[in-house]
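Heads up: the structure comes next, in structure tokens.
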Amino acid sequence: MRLNTARLEMLALLDSLGTVRAVAAALHLSPSAVSAQLAVLEAEVHADLLQRVGRRVRLTAAGRTLARHARVILDQVKAAEAELRDLSGQPAGPVRLAAFSSAVRTLAIPLAARLRQAHPRIELEISELDPQASRPALRRGDCDIIVTADFIDGSTPLDPDVHTVALLADAVVLVTAQDQAGPDLPADLADFAEAAWSVDLPGTYLSHLVTSSCRHAGFEPRVAGRFGSYELLLAHVAAGLSVSLLPELAVDGRYRVATRALREPLTRQVYAAVRSRSALTAATRIVLDELRALSASRVRA
């Protein structure tokens, strides 16, 4: 059996994008051409890879298994191509990095500036992606590196297909308007039972953080604002309309807010992750090294 990498790419994209039409658009082909190539792939492996559901198709168990192996194979091909390019000089080529919004501002954008000076042939593509979505995107092969976070409570399951690299610990702080800063002492959330609160959008982990922390302190937060961006949330707080809880990375110094540590400390771990079965290109390894160095400099500061 000889597997064709172009057809493997189609299968991996179908697993990622969900429809033959989306795969065809990504590869600049017609849907019928993609369907025909996937049928050839099924014949090559002597297995049913697709199951028709209404007017769409979805991967069978065999299809999902082959798609997982296809991503590893395609990563190996990419690494080989990059290594050959590297023989001619500095590491080069594209690296796709996804990070949550505050990490984009504080880590990914400064990282891009460092790479432009030190490694101009590395093409870093940055995407904003919520922590809840970044791990599935990494597994699908939509990105090469993710910067994500979770709270050190065992809530994030271990994943043998993902290799993580610790970057920094990010303490959660109480955020108030500057003229409402209060004493320079750790804050007891119970003292803010009557305050108005700003939170992230429903269903996000930071929205859950505020709600669960306030309930733990013995009260239900009175929500005055729900915002999908930290900029709007911080503007609301800076205007004296609310208080909130945010990780320190999310607190933008351009807003007139004050922060206080919590009496009962809460910390999230920020880390980078790559697919553990993939061969990292030299460019990807450099991006990881620079990301670690940048994070270490923030910790020392």
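The values are calculated or read from the model by the stated rules, or taken from the named source; none is laboratory data. Because the structure is predicted, anything quoted here is derived from the model rather than measured. FYI the Cβ positions are ideal-geometry reconstructions off the backbone, even for glycines, and counts take in every protein chain you see.
What the table below lists for this structure:
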read-out: Residue match in segment 182-197 (condition: assigned to a strand (DSSP E or B), touching a Pro at 6+ places or on another chain (Cβ under 8 Å), more than 19 Å from GLU264 (Cβ to Cβ) and at pLDDT 95 or above); value: no
read-out: Residue that is nearest to PHE192 (Cα to Cα) [pool: residues in segment 214-244 that are among the hydrophobic types (A, V, I, L, M, F, W, C) and in contact with a Ser or Thr (Cβ under 6 Å, 6 or more places away or on another chain)]; value: VAL243
read-out: Strands (runs of 3 or more DSSP E) enclosed by segment 61-169 - at least 3 residues per element that are crowded, with 19+ Cβ neighbours inside 10 Å, touching a strand residue (DSSP E or B) at 6+ places or on another chain (Cβ under 7 Å) and at pLDDT 95 or above; value: 93-99, 145-151
read-out: Long-range neighbours under 7 Å by Cβ, at least six apart or interchain, first residue part of a helix (DSSP H, G or I) within segment 21-45, second at pLDDT below 90 and among the acidic types (Asp, Glu); value: none
